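For reference, the structure is listed below as structure tokens.
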Amino acid sequence: MLSAVGKQLRNHPALIPLFIFIGGGATMSLLYLTRLALRNPDVSWDRKNNPEPWNKLAPNEQYKLFAVNTDYSKLKKDRPDF
């Protein structure tokens, strides 16, 4: 199957950027999905030892990918301990 794709790319070189951008987009989406599964506090992989991971976040811990106007290092604790 890869030989057929390679043959088509040799015959139609205008398809090369299409394969590059589709492959890059698929790779970036898989990396982002992996980041969400591993770093997001809404996901609990270990329900026995840490059933509520969102309660153990420090107020100055950044878990969002992009924060526009928030400096997480200056935030103070404003919620009770559970």
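Using a 1.4 angstrom probe with every protein chain in place, what is the largest-first accessible-area order of 42, 71?
Most to least solvent-accessible, the answer reads 42, 71.
Please say if the range 1-52 is rounded, prolate or oblate, where rounded means a/c under 1.5 for a ≥ b ≥ c the square roots of the C-alpha gyration tensor eigenvalues, and otherwise the choice is prolate for a/b larger than b/c and oblate otherwise?
In terms of gyration-tensor shape, prolate.
In nm, what is the difference between 0.36 nm times the number of residues separating residue 5 and residue 57 and their Cα-Cα distance?
Gain in length upon complete extension: 13.9 nm.
Residues of the range 8-51: accessible area per residue at 1.4 Å, in Å²?
Ligands and nucleic acids excluded, the figure is 89 Å² per residue.
The values are calculated or read from the model by the stated rules, or taken from the named source; none is laboratory data. The shown structure was predicted, so the numbers you read here are calculated from the model rather than taken from an experiment. Accessible surface areas use protein heavy atoms only, side chains included; no ligands, DNA or RNA. Shrake-Rupley method; radii C 1.70, N 1.55, O 1.52, S 1.80 Å.
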